[in-house]
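Okay, structure first, notes after.
The values are calculated or read from the model by the stated rules, or taken from the named source; none is laboratory data. Predicted, not measured: the structure shown is a model, and the values here were computed from it. No Cβ is skipped: glycine too gets one built from the backbone with ideal geometry, and neighbour counts run over all protein chains shown. Ligands, DNA and RNA are stripped out before the accessible areas are found, and what is left, the full protein with its side chains, is counted by its heavy atoms. Shrake-Rupley method; radii C 1.70, N 1.55, O 1.52, S 1.80 Å.
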Amino acid sequence: MTKNKESTRYYSTLHEESICKALGATRQSNSGAGHFRKGDVVHNDASMLIEAKTTMSEKQSISIKKEWIDKNKEEAFAIRKSNNCVCINFEPGGDNFYVINEKLMKFLIEKLSEENS
């Protein structure tokens, strides 16, 4: 089966796989389109559901929609995950950036502070 490099599914899959590789997470089949497997990527040990948003070509900016964050939070709750985030990148194969809530940011700051003490 030849992969269609013009389809959004192709680039979404690449992005999701890059997140999985970087974080040791698992890609949800069919990008979470089923009734029981929500979101794009799940990290069970971190109780984290990740929504992946990518572009098909290099961009200088991306608008983050609140509905992405709200939907991801609801889906995380539905599958009993305590944490959620949205992962974006500005070009296929580019760096990933994560949008997290203040609770996770405080936890990250706490852990980084402990490490640097």
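Among SER63, SER82, SER29, the largest mean-square fluctuation in a Gaussian network model of the chain, built with springs joining Cα atoms closer than 10 Å, belongs to SER63. The chymotrypsin sites (Phe, Trp or Tyr not before Pro) of the stretch 31-117 that DSSP puts in a loop, and whose beta carbon has at most 16 other beta carbons within 10 Å, are PHE36, PHE90. Only protein heavy atoms count here; under a 1.4 Å probe, ASP45 has an accessible surface of about 150 Å². Put simply, the convex hull of the Cα atoms in the chain casts, on average, a shadow of 8.5 nm².
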